[in-house]
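Structure first, commentary second.
The values are calculated or read from the model by the stated rules, or taken from the named source; none is laboratory data. This structure is a prediction, so every number in the text was calculated from the model and none was measured. Quick reminder, even Gly has a Cβ in these numbers, built from the backbone with ideal geometry, and neighbours come from all protein chains shown.
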Amino acid sequence: MPWPRRNPPAATTAGASIGRTAQQIESESFAPQARTWAPEVFDHIEWRRFEALCEALYGQAGVRTESQSHGADGGVDIWLYLQNASKPMIVQCKHWSRKVAVDEVRAFFGVLKSHDLERGIFATSATFTSEASSFASAHGISAQDREGLLKLIATRTPEQQALLLETAYQGEYWRPTCASCGIKMVVREPKSGGSLFWGCSNFAKLRCRSRIQLRAAER
């Protein structure tokens, strides 16, 4: 679902619209905040908020959780330590708009085996292909898409649901986080011209080249 623009781009003399400047994008929050849980919440937030939301959701079940905000994670976004369980569970989160394919779930199964674990959760803000769902079901992986996550959220108390919504919309929830450095990204323009993009603010200091394409509503 596209995000509504707070201020529409100016129109050219020919009647066509032009994209916004980096300064305009930096100064505006594009995503509205939903007051209750709806599928659009997943579209409003960036990947790090999605991971934090998943961790809070599973933690509400009385499970001890561990995660890291950025950097190499070996394919594990969240560790879940269940009471009276001899081994933990692992979670991989994908804040995607496209379907999760079977290859991604198969790779997660490889991560499970590398840790000698039998069970895991693959959570996505999108959906799974039928092949991916079938593979997950056959290999001890709980495939939770956006509909499944919303159903799980609906089982929580009103107070817990409010806390989850607060977690999702914490801080600059719409601004992407650099996966390498764990800091918020800034809008950049290629020196040679071209489309604006989200780039790591550590580029000048650490030469971090992480970048994310702007979503349609941000342009």
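Going through the stretch 86-100 one residue at a time, which ones are closer than 20 Å to Trp47 by Cβ and touching a strand residue (DSSP E or B) at 6+ places or on another chain (Cβ under 8 Å)?
Passing the criteria: Ile90, Val91, Gln92, Cys93, Lys94, His95, Trp96, Lys99, Val100.
Please give the number of the condition Ala162 fails out of (1) without any contact (Cβ under 8 Å) to a residue 60 or more places away in the chain; (2) of a type in the set (A, V, I, L, M, F, W, C); (3) surrounded by 16 or more Cβ atoms within 10 Å (Cβ to Cβ).
Result: Ala162 passes all but (3).
Mind listing whichever residues of the stretch 135-192 are of a type in the set (Ser, Thr, Tyr) and within 30 Å of Cys208 (Cα to Cα)? So that I can check it myself, show each step before the final result.
First pass over the stretch 135-192, keeping only residues of a type in the set (Ser, Thr, Tyr): 137, 142, 155, 157, 167, 169, 173, 177, 180, 192.
Within the stretch 135-192, Thr167, Tyr169, Tyr173, Thr177, Ser180, Ser192 qualify.
Looking at (1) at positive phi; (2) at pLDDT 95 or above, can you tell me which one Leu53 breaks?
Evaluating Leu53 over (1) at positive phi; (2) at pLDDT 95 or above leaves (1) as the failure.
Among the strands (runs of 3 or more DSSP E) lying completely within the stretch 87-197, list those that include at least 3 residues that are under 14 Å from the mean Cα position of the chain (by Cα) and closer than 17 Å to Cys54 by Cα.
Where strands (runs of 3 or more DSSP E) fall fully within the stretch 87-197 and carry at least 3 residues being under 14 Å from the mean Cα position of the chain (by Cα) and closer than 17 Å to Cys54 by Cα, they are 89-94, 120-124.
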